[in-house]
Structures are given as C-alpha cells and as structure tokens.
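The values are calculated or read from the model by the stated rules, or taken from the named source; none is laboratory data. Treat the numbers as computed from the prediction; the structure is a model and nothing was measured. Cβ coordinates were reconstructed from backbone atoms using ideal geometry, including for glycine residues, and neighbour counts include every protein chain displayed.
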C-alpha cells in the first residue's frame with residue numbers, strides 16, 4: 001500500500017514535470033529566430049518608407065527615413081551575427097520570471113526594512129517633493145506653460161511634475177540596475193545562480209516607487225482640471241518604454257562597473273547634466289524645429305513628452321510616428337549592445353569581486 005502511494009506520488013511528479021516542460025515549449029531554432037526578426041524589421045522598414053506626414057519638411061522626413069532604415073539594417077546584421085549570445089539573455093529572464101517577481105518584491109521590502117513606517121516612505125518622498133515644487137512654482141512665483149498651436153495653458157506645476165515623474169523613475173532605476181551585481185555580490189559568486197536576473201530585479205523594485213509617483217501626478221493634474229481620460233492610459237505604455245530603455249542600458253553599466261568602479265560617479269554626473277539636457281524643467285516647444293530635431297536624439301525626450309501628452313496633451317503615441325520608431329530601434333540596439341557586453345565580461349565577475 002505504501003509502495004503504491006509512493007508510486008502514484010512519483011508518477012504525479014513526473015506528469016507535472018512533463019507538463020511544465022511542454023508548457024515552456026521548445027526554443028526557436030536559430031534559422032527560425034533570425035527569419036522572424038528579419039521579417040519584423042522588414043515590416044517596420046516598409047511602414048517607415050511608406051509613411052508620409054504632410055506637415056513635415058520633405059528634407060527632414062527623408063533624413064529620418066534614411067537613418068531609420070540604416071539602423072534597422074544594422075540591427076538585422078548584428079542579430080544574425082550574434083544570435084546565440086543575444087537570445088540567451090531573454091530566454092534566461094523568461095525562464096526565471098517567477099523568481100524575478102519574488103526577489104523584486106523582497107528587494108523593495110528590504111529597502112525600508114527596520115523603519116517604523118516601512119514602505120510608506122516610498123509614498124512620502126514623492127509627496128514632499130511635489131509639495132516643495134508647489135510652494136516654489138505655484139505660490140511664490142506662479143508660472144504657466146502654453147501648448148504650441150493648441151491654445152491650452154498648463155500650470156507649470158503640472159508641466160513640471162509630468163516631466164519629473166519619468167525622470168525620477170529613469171534615474172532611480174538606472175542607478176539601481178547599475179549597482180545590482182555589486183549589491184548582490186554574494187549571489188554573483190554562486191555558480192548555479194543566474195545573475196542575469198539581478199539588474200531587472202532592481203528595476204522592478206524601482207517601478208513600485210514609480211507607481212506612487214504616478215498616483216501623485218494624477219491627483220495633482222485632477223486638482224488643476226486635467227482629469228484622467230483614455231489618453232491617460234498611455235502612462236502604462238510610456239512607463240514600459242522607460243523600463244525597457246533602462247533595462248537595455250543597465251546590462252552594459254552593471255557589467256562595466258564591476259571592472260571600473262568610477263563609472264558610478266560618471267553616471268551620477270551624466271544624470272545631473274541629462275536632467276537639463278532633457279526637457280524636464282523647460283519647454284521644448286519653445287525651440288526651433290532644427291534644435292528640437294537635435295534634442296530628440298535623446299530617447300528620454302520621447303518619454304518625457306509622452307507623459308505630458310498622456311496627462312494633458314491629448315495625443316496618441318502613434319501620432320508621433322518617427323519618434324516612436326526611433327525610440328524602439330535605439331532601445332533594441334542598446335539592448336543588443338548590453339547583452340554582448342554582459343556576455344563578454346560575465347566570465348570574470350566572480351574573480352574581480
């Protein structure tokens with residue numbers, strides 16, 4: 001009787017394991033993966049080539065199309081050349097998705113462990129920050145921003161908060177992701193642990209804090225008459241854009257900082273400069289078209305302006321077609337670079353630490 005029960009239990013475990021393996025599915029072959037990626041890039045190239053904006057300058061539009069097509073072609077060549085190295089990282093992240101979520105929640109809780117208020121501090125910080133800006137820019141020296149060509153006047157506090165929310169998310173997630181390997185040094189030295197999941201754990205933990213900032217942003221906007229609408233749902237899209245961009249950059253920074261610790265200070269300085277180079281505190285609409293085109297090389301411009309469009313701009317992300325295509329092409333390229341750098345430097349992490 002005992003043998004039968006044990007046998008049934010063993011059989012159930014085998015069936016469960018077999019079911020899980022079947023659910024996971026077999027990885028795509030190299031030829032199939034390259035073919036699918038090439039087709040996707042080809043479709044994007046055709047869409048970009050056929051798209052026409054009647055309000056845009058023909059010369060500028062042609063230049064954008066050429067740059068986009070060159071980037072797409074380069075992405076296909078690199079993907080085909082380094083297919084095995086590039087696809088290994090996404091497969092590891094997908095296979096460890098449950099572990100990533102569990103560790104991300106633990107990381108967020110650990111950040112406020114030992115304090116009486118716990119995770120409430122994550123909500124206090126954005127409230128205090130916005131309160132300070134309210135006193136300065138709404139009480140002491142009230143300012144307003146006028147949307148070009150729309151005749152809509154936006155209080156500077158709403159304009160500023162809509163720019164600060166994605167910027168704080170980006171800077172916090174980038175710094176945390178960069179230091180992931182150093183912070184979890186004891187896990188890096190474990191042979192069986194997949195250290196590739198560490199950067200995304202830190203970024204997800206930063207996303208929890210970002211959620212509180214978004215709530216504060218929506219409350220402030222509603223107080224000034226900009227109530228949530230269908231356009232507001234785009235906040236989720238632009239949050240995902242920020243997440244993807246930070247993840248793409250973090251695999252390069254977290255790998256290099258292990259060998260070059262000064263990178264932490266360099267990134268800190270770059271973030272200080274980047275806040276002024278990105279239209280967080282100032283309105284990009286006041287610049288000339290040529291200057292705007294140059295500034296939009298920075299992918300964060302797409303995200304910051306996207307948050308403002310979601311809150312009060314009443315514009316869908318696909319209406320800014322070229323900026324959307326450019327952002328995702330750049331993000332994919334950065335992720336490919338980050339994957340290659342990580343795989344190249346990974347073998348010596350444990351020795352350096």
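Condition first: within 20 Å of residue 194 (Cα to Cα), surrounded by 13 or more Cβ atoms within 10 Å (Cβ to Cβ) and at pLDDT 85 or above. Can you find one or more residues in segment 309-332 that meet it?
No, that holds for no residue.
Where in segment 137-203 are there helices (runs of 4 or more DSSP H), lying fully within it, with 1 or more residues that are in contact with a strand residue (DSSP E or B) (Cβ under 7 Å, 6 or more places away or on another chain) and modelled with pLDDT under 90? Give the derivation first.
Values: elements: 156-178, 180-183, 185-188.
Output list reads 156-178.
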Can you give me the number of residues within segment 203-242 that are in contact (Cβ under 8 Å) with a residue 24 or more places away in the chain and within 12 Å of the chain's Cα centre (by Cα)? 10
Counting only residues that are farther than 21 Å from residue 165 by Cα and exposed (fewer than 12 other Cβ atoms within 10 Å of the Cβ), which one in segment 110-134 is modelled with the highest pLDDT? 110
